[in-house]
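As structure tokens, the structure follows; a few thoughts come after it.
The values are calculated or read from the model by the stated rules, or taken from the named source; none is laboratory data. On a predicted model such as this, the values are computed, not experimentally measured, just so you know. Here the Cβ positions follow ideal geometry from the backbone for every residue, glycine too, while neighbour counts run over all protein chains shown.
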Protein chains: 2
Amino acid sequence: MAELPDKRTAFIDWYLAVVEAARLTDKRYPVKGMNIWTPYGFRARRNLDAVLVREIEATGSEALEFPALIPANEFAKEKEHIKGFDAQVYWVTKGGLSDLDIPLVLRPTSETAIYPIFAVWVRSHRDLPLNVYQIVNVFRYETKTTRPFVRVREIHFFEEHTCQANEEHATERVRSNLEAFRKMAAAFVLPYLPIRRPEWDKFPGAFYSIAFDAPVGGARTLQLGSVHHYRENFSRPYGIRYEAADGSQQYVHQTTFGLSERLLGAIVAVHGDAKGAVFPTAIAPYQVVVIPIPGTESGEGPLKVASEAAERLRRHGARIHLDGGDERPGAKYYRWEAAGVPLRLEVGRREAESRTLTAADRLGRKGPVALDRLEHEVGERLAEFDRALAERAHAAFAASFAVARSLAELAGSTQVRLVAWCGSEACGHQIEAAIDGALLGTPEAPLPIDPGATGACIACGATDGARWALAGQPL
Amino acid sequence: MAELPDKRTAFIDWYLAVVEAARLTDKRYPVKGMNIWTPYGFRARRNLDAVLVREIEATGSEALEFPALIPANEFAKEKEHIKGFDAQVYWVTKGGLSDLDIPLVLRPTSETAIYPIFAVWVRSHRDLPLNVYQIVNVFRYETKTTRPFVRVREIHFFEEHTCQANEEHATERVRSNLEAFRKMAAAFVLPYLPIRRPEWDKFPGAFYSIAFDAPVGGARTLQLGSVHHYRENFSRPYGIRYEAADGSQQYVHQTTFGLSERLLGAIVAVHGDAKGAVFPTAIAPYQVVVIPIPGTESGEGPLKVASEAAERLRRHGARIHLDGGDERPGAKYYRWEAAGVPLRLEVGRREAESRTLTAADRLGRKGPVALDRLEHEVGERLAEFDRALAERAHAAFAASFAVARSLAELAGSTQVRLVAWCGSEACGHQIEAAIDGALLGTPEAPLPIDPGATGACIACGATDGARWALAGQPL
């Protein structure tokens, strides 16, 4: 069992090694960028999806599912959108032994599948708002280097699509999505900034896009998801209109909210450390691993007590794994630490006799747990673990940002940079070239650090209308 | 709101009309055989999936997920399998703007995606048994007439794949699957027969196939799912071997267990009636619909009591819909009956004042429910509804079978037929021609009726080795 690469100096290598060591995915599938969700990884995904479902349904959105294949003619209706996706879709051209009359696109996202039907569903102002979402896989023919969870060709995807009566209601829906994401991110213990993307980096066809960016070490950032206001950009080509209360015909304003398996990549990237992955309790495939340590004379006591503990915690609703395998205890500790399990319970002969287990959480705190008060004490330790994880993550978040006052300062940045920006595309591209990354956009929340007065645009020196923006290196 | 076609005399028309009236799917999507799961239909599917997950995980199977695209060369490895699916797969031939080097098949089932990786995962007898499943969509280029849930081109699919040490263990896994399906079917309130398919109708590549058939009126049957024993038929071409305890290299024996959205079609087909769909409580998108009936003077009382009742039941864990819309109460009753909701609670002025609601279940039983004892009484009524539904379904099941003692008797059958069959393929095809359907195979459970002694093969007259088999018209 080799040591992991250094997270700070070799981030990508470290990330790939952690995903491997945690056994979240198997990348030996013979199609590039399409990985296998192992049983362990699938459990994490299921827990993650449950958080998304809970929070989005709390806002009145309903689950549905549209087909995966989109006819070429529907796909081509919104000009910017098709331009944005044309080079990265998979085409289904044959069914059985013959060519299809109309080729089908394997959805890269579902606007063009859903909106022709929205045009049929939406008739009257009484049909609005229409808030629906689906969790499906989408497909993108990525040409860049693929990486598990972060950039793949088959993407586990969450997409909400809504129709609103007017621009103002759509803006409200965007706000509601931002708030829902705040709650999701709290469950994932992921600090982030909502950032309005510059014009040249918004979603193809959007009026504006707000993305959620998390710093993941150095100047690197990871986009966790995004919310888009489409105005009438799609409702016009797709003819999604309604009869208003006054009898007039109006186009709906639309919004979307997109998330993906990338959230799992972010959890690995943000919380992981030199020992491997670290899962917050809400997402952990197993919250507790119970390890019996058979003594040399008789292993019965430890195994019996470990089984009893596992069974009681399971009945209490915890996700438990009892590791009764043949490996040495040290190898098991190592393995489940790499897998990111929040809490380990050890049961040796001494523990079995005293009916007091030894608990060790993934952040290194150890202590005894009385079998009599097992459920309560394990609950306390998990809560304490989540608090400590949040504290560590927020400290790292706050330390991730620094102001840059000149383009020269951006070169070789080891933090995400706050820069004063006049808002022009030309200056934006200069900033991007200087940091060898992207101008992420302007924050939609209080800045993580206080940079003082804005001053002049870092690129052109204009003092008029310069605002704080963020620049970094998106993964 | 038109009346539904007659279930007995115009079954297919009736079925299509019920699916439409219940709003389970929207078939206006512009690709034939690919329908939209509406929010209502999606809820039914989610409840159905939850039953599958519960029962299969109780047998120690673990969820995972393989990619949707299979390279052409892997797909072609098992000869019978590729012959069986060749004419009905979708081919992805282009990625972005260029042709793919190796075309990809959109999985019609996942043997050929999974087994190359099983060959990597399985090394030693300690890796066995390997029991895993996935719930994914699969794609088949159906050339026959498509029908919602029953025959579609994008299929919501459950597939378990297992590796066992030898034939006997694989046979045990088949038995375990049959038992798991018995429990699933109990939740769906679906009577069925497990039937061993004749050689010419087994799954492509299988050693044998056992399917679950439900009679759905007349001689018609619907295959609910199937379990297959593959012996070494796939493990040899895919090289899935392990080192046995004695150090020898052995090929694994494999099994699969397949189910699909067809189960939802079966629930509609079996339980539905002249008013529309009827959902068993475990699957019902809404278990209870609460309908306030505002009086002419003041509607406040009924709406307030209805909201209180809905909220209390929701907190109690029931799936509730409060229909506070503008339609007349009669129109709402009609609509939710068509949608198959097990129980309706009506709250008019009288009910609000007496704090006693009127309950009406989907099978027509009515009675008062005291608001004081709401949770308890609604629970009782739902349990009573499920019992009555099961009774009705089992009575219909028992009446669905009759013996045929000659080929002539099979013509124009209005029941599924028990026939004595010598086991030869030639006789099997004669029986199929006579009933204008299929020889379903030999039952793996006690016969639903007692047909007496077997006697001679209905086709060739041979008395030696003739066994009872079933013949019907699969949908």
| task | Go over the candidates B:138, B:150 one by one and state the one that is closer than 30 Å to residue B:266 by Cα, assigned by TED's automatic domain parsing to the domain that holds residue B:33 and in contact with a Gly (Cβ under 8 Å, 6 or more places away or on another chain). | result | B:150
| Segments classed as strands (runs of 3 or more DSSP E), wholly inside segment B:339-399, with at least 1 members that are touching a residue at least 40 places away in the same chain (Cβ under 8 Å) and hydrophobic (A, V, I, L, M, F, W, C) | B:343-347, B:356-361
| Do we have any residue at all in segment B:244-252 that's at pLDDT 95 or above and either crowded, with 24+ Cβ neighbours inside 10 Å or touching a Pro at 6+ places or on another chain (Cβ under 6 Å) (or both)? | yes
| query | Taking into account only those residues within segment A:87-111 that are assigned to a helix (DSSP H, G or I) and not small (Gly, Ala, Ser), which is farthest from the other protein chains (Cβ to nearest Cβ)? | reply | A:111
| Would it be correct to say that residue A:352 is within 21 Å of residue A:314 (Cβ to Cβ), surrounded by 21 or more Cβ atoms within 10 Å (Cβ to Cβ) and over 31 Å from the mean Cα position of the chain (by Cα)? | yes
| request: Determine whether residue A:28 is under 27 Å from residue A:342 (Cβ atoms) and either more than 10 Å from chain B (Cβ to nearest Cβ) or part of a loop (DSSP other than H, G, I, E, B) (or both). | output: no
| message | With the requirement that a residue be without any contact (Cβ under 8 Å) to a residue 60 or more places away in the chain, among the β-branched types (Val, Ile, Thr) and surrounded by 22 or more Cβ atoms within 10 Å (Cβ to Cβ), what does segment A:408-459 give you? | response | A:419, A:431, A:458
| note | All conditions in (1) closer than 28 Å to residue B:438 by Cβ; (2) in contact with a helix residue (DSSP H, G or I) (Cβ under 8 Å, 6 or more places away or on another chain) are true of residue B:221 except (2)
| query | Among the residues of segment B:184-212, how many are touching a residue at least 60 places away in the same chain (Cβ under 8 Å) and small (Gly, Ala, Ser)? | reply | 3
| task | Identify, by number, the condition in (1) farther than 22 Å from residue B:274 by Cβ; (2) surrounded by 13 or more Cβ atoms within 10 Å (Cβ to Cβ) that residue B:359 doesn't meet. | result | (1)
| request: Only residues that are buried (at least 16 other Cβ atoms within 10 Å of the Cβ) and over 19 Å from the mean Cα position of the chain (by Cα): list them for segment A:27-38, please. | output: A:27, A:29, A:31
| Among the residues of segment B:2-17, is any crowded, with 16+ Cβ neighbours inside 10 Å, away from chain A (no Cβ under 14 Å) and without any contact (Cβ under 8 Å) to a residue 40 or more places away in the chain? | yes
| Can you name every residue in segment A:144-183 that is part of a helix (DSSP H, G or I) and among the acidic types (Asp, Glu)? | A:167, A:168, A:172, A:179
| task | Would you check if there is a residue in segment B:327-337 being outside any helix (DSSP H, G or I), modelled with pLDDT under 95, on the phi < 0 side of the Ramachandran plot and surrounded by fewer than 16 Cβ atoms within 10 Å (Cβ to Cβ)? | result | yes
| Considering B:84, B:33, which residue is more than 7 Å from every other protein chain (Cβ to nearest Cβ), in contact (Cβ under 8 Å) with a residue 24 or more places away in the chain, small (Gly, Ala, Ser) and part of a helix (DSSP H, G or I)? | B:84
| query | Can residue A:73 be described as of a type outside the set (Gly, Ala, Ser) and crowded, with 22+ Cβ neighbours inside 10 Å? | reply | no
| message | I need a count of the residues in segment A:213-243 that are free of Cβ contacts under 8 Å to residues at least 60 places away in the same chain and surrounded by fewer than 21 Cβ atoms within 10 Å (Cβ to Cβ). | response | 2
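Conditions (1) within 30 Å of residue A:189 (Cβ to Cβ); (2) part of a loop (DSSP other than H, G, I, E, B), marked per residue:
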residue	(1), (2)
A:211	yes, no
A:218	yes, yes
A:230	no, no
A:242	no, no
A:269	yes, no
A:278	yes, yes
A:282	yes, yes
| Can you find a residue in segment A:112-127 that is more than 10 Å from chain B (Cβ to nearest Cβ), closer than 30 Å to residue B:86 by Cα, under 29 Å from the mean Cα position of the chain (by Cα) and surrounded by 20 or more Cβ atoms within 10 Å (Cβ to Cβ)? | yes
| query | Can you pull out the residues in segment B:43-81 that are touching a residue at least 60 places away in the same chain (Cβ under 8 Å) and either at the interface with chain A (Cβ under 7 Å from one of its Cβ atoms) or in a loop (DSSP other than H, G, I, E, B) (or both)? | reply | B:58, B:59, B:60, B:61, B:62, B:63, B:64, B:65, B:66, B:68, B:77, B:78
| note | Across segment A:135-186, the tally of residues that are crowded, with 20+ Cβ neighbours inside 10 Å, among the charged types (D, E, K, R), more than 12 Å from chain B (Cβ to nearest Cβ) and more than 13 Å from the chain's Cα centre (by Cα) stands at 2
| request: Hey, can you tell me all the residues within segment B:415-452 that are modelled with pLDDT under 95 and within 16 Å of residue B:220 (Cβ to Cβ)? | output: B:448
| query | Does residue A:141 qualify as being under 21 Å from residue B:106 (Cα atoms), outside any strand (DSSP E or B) and among the aromatic types (Phe, Trp, Tyr)? | reply | yes
| Yes or no: residue B:317 over 22 Å from residue B:388 (Cα atoms), in a loop (DSSP other than H, G, I, E, B) and free of Cβ contacts under 8 Å to residues at least 60 places away in the same chain? | yes
